[in-house]
1. Do we have residue 97 as in contact with a Pro (Cβ under 8 Å, 6 or more places away or on another chain), open to solvent by less than 10 Å² (accessible area, probe 1.4 Å) and farther than 22 Å from residue 125 by Cβ here?
2. Name the residues in region 95-117 that are part of a loop (DSSP other than H, G, I, E, B) and over 13 Å from residue 160 (Cα atoms), would you?
3. With the condition kept exactly as written, say whether any residue in region 80-87 is open to solvent by 10 Å² or more (accessible area, probe 1.4 Å), farther than 21 Å from residue 5 by Cα and modelled with pLDDT under 95.
4. Please give the number of the condition residue 148 fails out of (1) within 19 Å of residue 110 (Cα to Cα); (2) open to solvent by 20 Å² or more (accessible area, probe 1.4 Å).
5. Condition first: of a type in the set (A, V, I, L, M, F, W, C) and free of Cβ contacts under 8 Å to residues at least 60 places away in the same chain. Now tell me which residues in region 139-164 satisfy that.
6. Quick one: count up the residues across region 126-145 that are of a type in the set (A, V, I, L, M, F, W, C), surrounded by 14 or more Cβ atoms within 10 Å (Cβ to Cβ) and either in contact with a strand residue (DSSP E or B) (Cβ under 7 Å, 6 or more places away or on another chain) or farther than 27 Å from residue 11 by Cα (or both).
7. Among 253, 241, which is surrounded by 13 or more Cβ atoms within 10 Å (Cβ to Cβ) and either in a helix (DSSP H, G or I) or in contact with a Cys (Cβ under 6 Å, 6 or more places away or on another chain) (or both)?
8. Can you tell me how many residues in region 171-201 are small (Gly, Ala, Ser), over 18 Å from residue 94 (Cβ atoms) and open to solvent by less than 20 Å² (accessible area, probe 1.4 Å)?
Amino acid sequence: MKPNRFKRVLSQGRVPVGHMIMEFGTRGIAKLLESADLDFVVIDMEHNAFDSERIADLMAWLKATDIAPFVRVPQGLYHFLARTMDAGALGVMVANVETAEQARSVVSAVKYAPLGRRGLGLGTAHNDYLQPDPVAYMREANENTTVICQIESTTGLANAGAIAATEGVDVLWVGHFDLTQSMGIPGKFEEPRFLEALASVVKAAQGSGKAAAIQPGSLEQAERWLALGFHVISWKTDIALYRGALQTEIRALRERISAGS
């Protein structure tokens, strides 16, 4: 199966850099992302209209690149998780994981025995339509699959250590807007309480040898959060990036037009 570039970069002691796709699930997006030299991409199914067929298309297009494709599923349910993996994803993200029990359920759905109970349907998209050796493939797939649990509530924050310690979990990813909302300080990313929460997630992840991830909205925010110990960075969503670039450049264009009139 395709090697997981995300895990490879982490194992080399480097910071994987990715991006989240929420809107532009087009046939050209895979090679466009590759042109930016990304390590991973998260395709979101929680906050938009992407369905399983669109995810299958995106996974196929991303196979033409070295980018590790992950999918944030609508809920941490078996039929979302296992079908996403069978479409060719190399990992899943589940929002608002609050307990180790939930984390174990996610791992169970995406890992083969003996780590999980994912059904063994071979020779389809995730195997490039070739029939692999079952035993070798299950072992390789379990090693290559990335499980990302989002910490987005005060309950999840309190249980972050147990979630990180769950076998098969690779990443604790702070959903910063939802976490501040749960803390009663929505969008207050400079609040001391929130910064303490970030530090506690990093500590929990590192305590179990796992990665801590986050998605900053600016370079300044990225620098602050990297300094706290985060070592996986997703650079904005496609919506935020496109909107910000378009607004900035249209504003500059209008200023040029005004200056010349």
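1. no
2. 95, 111, 112, 113, 114, 115, 116, 117
3. No; the residues of region 80-87 include none that is open to solvent by 10 Å² or more (accessible area, probe 1.4 Å), farther than 21 Å from residue 5 by Cα and modelled with pLDDT under 95.
4. Going through the list (1) within 19 Å of residue 110 (Cα to Cα); (2) open to solvent by 20 Å² or more (accessible area, probe 1.4 Å), residue 148 breaks only (2).
5. Once the filter is applied, which keeps residues that are of a type in the set (A, V, I, L, M, F, W, C) and free of Cβ contacts under 8 Å to residues at least 60 places away in the same chain, region 139-164 yields 147, 149, 151, 157, 158, 160, 164.
6. 0
7. 241
8. Matching residues across region 171-201 total 1.
The values are calculated or read from the model by the stated rules, or taken from the named source; none is laboratory data. All values reported here derive from a predicted model rather than from experimental measurement. We place every Cβ from the backbone using ideal geometry, glycine too, and count neighbours over all the protein chains shown. Surface areas here come from the heavy atoms of the whole protein model, side chains and all, with no ligands, DNA or RNA. Shrake-Rupley method; radii C 1.70, N 1.55, O 1.52, S 1.80 Å.
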